[in-house]
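I have placed the structure first, in the form of structure tokens, so that the comments after it can refer back to it.
The values are calculated or read from the model by the stated rules, or taken from the named source; none is laboratory data. Keep in mind that this is a model prediction, so the values were computed, not measured. Cβ atoms come from the backbone with ideal geometry, glycine included; neighbour counts cover every protein chain shown.
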Amino acid sequence: MIDRTSSAPLEALLARRGGDLILLVDESLRIVRAGAEAEILAERGASSLVGMSLIAAFGSASLDAVARQAATSGEDTSGAADLGHLGTRQFSVDAVPLHGGGLVLSLHDVTALRRMERVRRDFVANLGHELRTPLTSIKLLAETLTSGAVDDPATSRDFVTQIEREADHLAQLVDELLDLSMIESGETKLSLEALDPDEVVAACAVRIGVVAERREIHVRRLPPSSSAGQALADPIRLGQALLNLAHNAVKYSHHGGEVRIGADEIGDRVRFSVSDDGIGVPEAHQPRIFERFYKVDRSRARERDAQEIGGSAGLGLAIVRHIAEAHGGAVGMRSEEGVGSTFWIEVPRAPD
Ligand code: ADP
């Protein structure tokens with residue numbers, strides 16, 4: 001019979017780096033052999049691992065339980081285990097009993113997979129929430145209208161206007177989602193051009209002007225820095241990103257405030273920034289602000305949304321980040337609560 005614990009394929013498996021974690025244990029779950037990956041995870045060399053009990057080596061009750069079940073039942077057993085420093089990595093475990101006694105344990109790292117599953121779950125939950133709010137309003141308004149509760153034509157008109165506004169929000173949400181998924185998947189081809197930063201800023205100032213005016217917010221173009229070279233970017237995407245930042249600056253400013261838009265050369269990039277003296281972002285929220293669906297405070301966004309500035313699903317900054325990354329650029333922000341914020345997007349500078 002082949003000695004399974006010393007065959008060449010097994011040796012190859014044990015020596016493999018970057019693959020599954022392989023362990024051989026005896027009937028009492030003491031380690032007989034450990035693969036290279038197992039040594040790394042246990043932070044011990046092979047010599048000190050051999051002879052240790054599974055639980056002492058890895059400190060994982062769930063791994064021990066899978067192995068124990070395979071040992072007592074004599075059957076192949078699968079399960080899951082948290083391992084590594086403070087159990088931060090998740091593994092799927094296969095335990096296969098050997099003829100001569102003992103087990104082969106094979107552990108496959110599923111940490112990234114689990115994280116992706118969590119992200120997808122959160123995404124669906126967030127999306128559900130974002131869709132439900134305007135849908136509930138539309139349904140209530142329509143029900144009130146059809147039940148005949150509103151006799152007054154002016155009030156009816158007002159209800160219909162509200163329905164339209166909620167439907168617009170839904171349409172905008174869907175547009176933003178489609179946009180985000182296109183940029184994220186790399187499906188949108190960027191058509192890069194050398195752009196004059198000052199022209200990009202001017203175009204943005206014009207586009208945001210109408211919205212700003214409604215709230216009596218003054219939009220100021222900062223003078224271009226003398227050395228600012230050209231930016232290498234897709235004019236439509238960059239324009240969209242900068243407009244998103246300007247929209248936020250207006251949305252989160254006080255009446256009568258000022259929004260400043262400008263461009264600067266920072267190393268081999270051009271940075272487009274938008275500053276405001278608005279409500280600012282509390283420090284605790286700043287690290288997550290560019291995540292999709294992330295909002296500082298739902299009620300704060302809702303209240304401003306009601307002022308018809310539009311869009312508060314928490315997707316705007318995620319779109320800006322993805323546009324920056326698609327260009328090989330970056331985003332950033334600096335803010336102080338109650339004082340104001342500066343948000344920026346950087347894209348590569350065009351070669352001279
Ligand atoms: P939203 O559609 O909710 O504005 P964003 O992704 O554009 O979503 O922004 C995420 C959150 O960041 C907002 O809910 C808001 O709380 C905060 N935020 C963005 N820009 C500003 C700003 N200029 N001033 C203050 N808060 C801001």
Item to check | Subset of region 245-275 (residues that are among the hydrophobic types (A, V, I, L, M, F, W, C), crowded, with 19+ Cβ neighbours inside 10 Å and either over 21 Å from residue 349 (Cβ atoms) or away from the ligand (no atom under 11 Å from the Cβ) (or both)) | outcome: 246, 249, 250, 259, 261, 263, 270, 272
Item to check | Of all residues in region 220-244 being among the hydroxyl-bearing types (Ser, Thr, Tyr) and in contact with a strand residue (DSSP E or B) (Cβ under 7 Å, 6 or more places away or on another chain), the one that is farthest from the ligand (Cβ to nearest atom) | outcome: 227
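If I go through region 276-288 residue by residue, how many of them are buried (at least 16 other Cβ atoms within 10 Å of the Cβ) and outside any strand (DSSP E or B)? Give the steps one after another, and end with the answer.
Taking region 276-288 and keeping what is buried (at least 16 other Cβ atoms within 10 Å of the Cβ), we get 276-281, 286.
Applying the additional criterion that residues be outside any strand (DSSP E or B) yields 277-281, 286.
Residues flagged as buried (at least 16 other Cβ atoms within 10 Å of the Cβ) and outside any strand (DSSP E or B) within region 276-288 amount to 6.
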Next on the checklist: Against the definition (of a type outside the set (Asp, Glu) and within 14 Å of residue 237 (Cβ to Cβ)), how does residue 195 come out, yes or no?
Outcome noted: yes
Checklist entry - Looking only at region 65-87, which residues are in contact with a helix residue (DSSP H, G or I) (Cβ under 6 Å, 6 or more places away or on another chain) and without any contact (Cβ under 8 Å) to a residue 24 or more places away in the chain? => result 77, 79
Checklist entry - Taking interchain pairs and intrachain pairs at least six residues apart, which have beta carbon atoms under 6 angstrom, with the first residue in region 119-135 and closer than 30 Å to residue 159 by Cβ and the second small (Gly, Ala, Ser) and surrounded by 11 or more Cβ atoms within 10 Å (Cβ to Cβ)? => result 130/313
Item to check | All positions within region 311-330 that are part of a loop (DSSP other than H, G, I, E, B) and out of contact with any helix residue (DSSP H, G or I) (no Cβ under 6 Å at 6 or more places or on another chain) | outcome: 314, 327, 328, 329
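Please go through region 126-146 and give me each residue that is among the hydrophobic types (A, V, I, L, M, F, W, C) and either touching a helix residue (DSSP H, G or I) at 6+ places or on another chain (Cβ under 7 Å) or closer than 15 Å to residue 315 by Cβ (or both), ordered by number. Explain how you work it out, then say what you get.
Our first condition is that a residue be among the hydrophobic types (A, V, I, L, M, F, W, C); within region 126-146, this holds for 127, 131, 135, 138, 140-142, 145.
The answer is 127, 131, 138, 141, 142, 145.
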Item to check | Any helices (runs of 4 or more DSSP H) falling wholly within region 27-73 and containing at least 3 residues that are modelled with pLDDT under 90 | outcome: 36-42, 46-49
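In region 260-292, how many residues are of a type in the set (Lys, Arg) and in contact with a Phe, Trp or Tyr (Cβ under 8 Å, 6 or more places away or on another chain)? Step through it out loud before you land on a result.
Initially, region 260-292 is screened for residues of a type in the set (Lys, Arg), giving 260, 269, 271, 288, 292.
Of the ones still in play, those that are also in contact with a Phe, Trp or Tyr (Cβ under 8 Å, 6 or more places away or on another chain) are 271, 288, 292.
Count: 3.
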Item to check | The lone exception for residue 101 - which of (1) surrounded by 16 or more Cβ atoms within 10 Å (Cβ to Cβ); (2) of a type in the set (Gly, Ala, Ser); (3) touching an Asp or Glu at 6+ places or on another chain (Cβ under 7 Å) it fails | outcome: (1)
Checklist outcome for this item: Given the conditions (1) modelled with pLDDT of 90 or more; (2) near the ligand (Cβ under 9 Å from one of its atoms); (3) in a helix (DSSP H, G or I); (4) surrounded by fewer than 22 Cβ atoms within 10 Å (Cβ to Cβ), every one holds for residue 333 apart from (3)
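Name the residues in region 66-107 that are within 41 Å of the chain's Cα centre (by Cα) and of a type in the set (Gly, Ala, Ser), would you?
Of all residues in region 66-107, those within 41 Å of the chain's Cα centre (by Cα) come to 66-70, 76-96, 103-107.
Answer for region 66-107, where residues must be within 41 Å of the chain's Cα centre (by Cα) and of a type in the set (Gly, Ala, Ser): 67, 70, 78, 79, 80, 81, 84, 87, 92, 95, 106.
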Next on the checklist: Here's a check for you: in region 153-181, which residue that is at pLDDT below 90 and of a type in the set (Gly, Ala, Ser) is surrounded by the most Cβ atoms within 10 Å (Cβ to Cβ)?
Outcome noted: 156
